[in-house]
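Engineer: Pasting in a structure now, in structure tokens, and then I'll have a few things to ask.
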Amino acid sequence: GAVVSQHPSWVICKSGTSVKIECRSLDFQATTMFWYRQFPKQSLMLMATSNEGSKATYEQGVEKDKFLINHASLTLSTLTVTSAHPEDSSFYICSATWRFFGPGTRLTVL
Amino acid sequence: QQQVKQSPQSLIVQKGGISIINCAYENTAFDYFPWYQQFPGKGPALLIAIRPDVSEKKEGRFTISFNKSAKQFSLHIMDSQPGDSATYFCAARLSQAGTALIFGKGTTLSVSS
């Protein structure tokens, strides 16, 4: 069965609203989780590294104030897309270690 | 130096044939080279991975060949089946705990029946 889950699997929101995506490791504790974004027919691009109990590390070009990451426990990391705009529409995927990826969350901003 | 170059971009193979996808890297600090399979609308799933001190690894119909001196590695899918039709990504991991992966651009494989 899945060892990393994401919720929701898809979400549609209006421009200007905020959306929270949860990533849970089900069978193990993950001190580090990773958030990727994938546009259609493209590869996965790392957005940020989520560290339990400390601040996330963002990749160059990713707005930390727009993509808020919280890793409050060893099994849960959340990504909040604040003031979402249509260009934020994408497939967001989390991973816990390099072995286990979540099923992804499809975000559509209208 | 952080890139992983993957080719071809797309591949069509007859059922029962061999699918071959190639990747190349520059950074010798990479310590693990995994391959992932991704179906539309799903997250990537780990297929097989290899360390640079191993020249070949086989798991079922999937084989990784690794050429350390050439800084190249490839995925071979033997007896390709229509169910193998998916996008395949090679990746590389830096030799530090907690580091993320560098992904290739992906190869879309279509296996015709």
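Per-residue answers, yes or no, for (1) touching an Asp or Glu at 6+ places or on another chain (Cβ under 9 Å); (2) exposed (fewer than 14 other Cβ atoms within 10 Å of the Cβ); (3) within 14 Å of another protein chain (Cβ to nearest Cβ):
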{"site": "B:Tyr32", "(1), (2), (3)": "no, no, yes"}
{"site": "B:Arg61", "(1), (2), (3)": "yes, no, no"}
{"site": "B:Lys71", "(1), (2), (3)": "yes, no, no"}
{"site": "B:Asp84", "(1), (2), (3)": "no, no, no"}
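Engineer: Return the pair list, or none, for Cβ contacts closer than 7 Å from residues in the stretch B:1-21 that are surrounded by fewer than 14 Cβ atoms within 10 Å (Cβ to Cβ) to residues that are of a type in the set (Ser, Thr, Tyr) and part of a loop (DSSP other than H, G, I, E, B), at least 6 apart or on different chains.
Structural biologist: What qualifies is B:Lys15/B:Ser80; B:Lys15/B:Ser113; B:Gly16/B:Ser80; B:Ile18/B:Ser80.
Engineer: With the condition kept exactly as written, say whether any residue in the stretch A:27-45 is touching a helix residue (DSSP H, G or I) at 6+ places or on another chain (Cβ under 8 Å), more than 25 Å from B:Arg51 (Cα to Cα) and either without any contact (Cβ under 8 Å) to a residue 24 or more places away in the chain or surrounded by 13 or more Cβ atoms within 10 Å (Cβ to Cβ) (or both).
Structural biologist: No, because not a single residue in the stretch A:27-45 is touching a helix residue (DSSP H, G or I) at 6+ places or on another chain (Cβ under 8 Å), more than 25 Å from B:Arg51 (Cα to Cα) and either without any contact (Cβ under 8 Å) to a residue 24 or more places away in the chain or surrounded by 13 or more Cβ atoms within 10 Å (Cβ to Cβ) (or both).
Engineer: Pull up the stretch B:72-113, narrow it to residues that are modelled with pLDDT of 95 or more and assigned to a loop (DSSP other than H, G, I, E, B), then point me to the one that is farthest from A:Ala30 (Cα to Cα).
Structural biologist: The residue in question is B:Asp79.
Engineer: Quick one: count up the residues across the stretch A:81-110 that are more than 7 Å from every other protein chain (Cβ to nearest Cβ), part of a strand (DSSP E or B) and within 22 Å of A:Lys64 (Cβ to Cβ).
Structural biologist: Matching residues across the stretch A:81-110 total 10.
Rundown of residues vs (1) among the basic types (Lys, Arg); (2) within 12 Å of the chain's Cα centre (by Cα); (3) within 14 Å of chain B (Cβ to nearest Cβ); (4) within 24 Å of B:Lys105 (Cβ to Cβ), yes/no style:
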position: A:Met47; (1), (2), (3), (4): no, yes, yes, yes
position: A:Asn51; (1), (2), (3), (4): no, no, yes, no
position: A:Val62; (1), (2), (3), (4): no, no, yes, yes
position: A:Phe67; (1), (2), (3), (4): no, yes, no, yes
position: A:His71; (1), (2), (3), (4): no, yes, yes, no
position: A:Thr75; (1), (2), (3), (4): no, no, no, no
position: A:Thr78; (1), (2), (3), (4): no, yes, no, no
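Engineer: Can you pull out the residues in the stretch B:23-57 that are more than 24 Å from A:Gln38 (Cα to Cα) and either out of contact with any strand residue (DSSP E or B) (no Cβ under 8 Å at 6 or more places or on another chain) or of a type in the set (S, T, N, Q) (or both)?
Structural biologist: Across the stretch B:23-57, the qualifying residues are B:Thr28, B:Asp53, B:Ser55.
The values are calculated or read from the model by the stated rules, or taken from the named source; none is laboratory data. The model shown is predicted, which means the values in this text are computed figures rather than measured ones. Backbone-built Cβ (ideal geometry, glycine too); neighbour counts: all protein chains shown.
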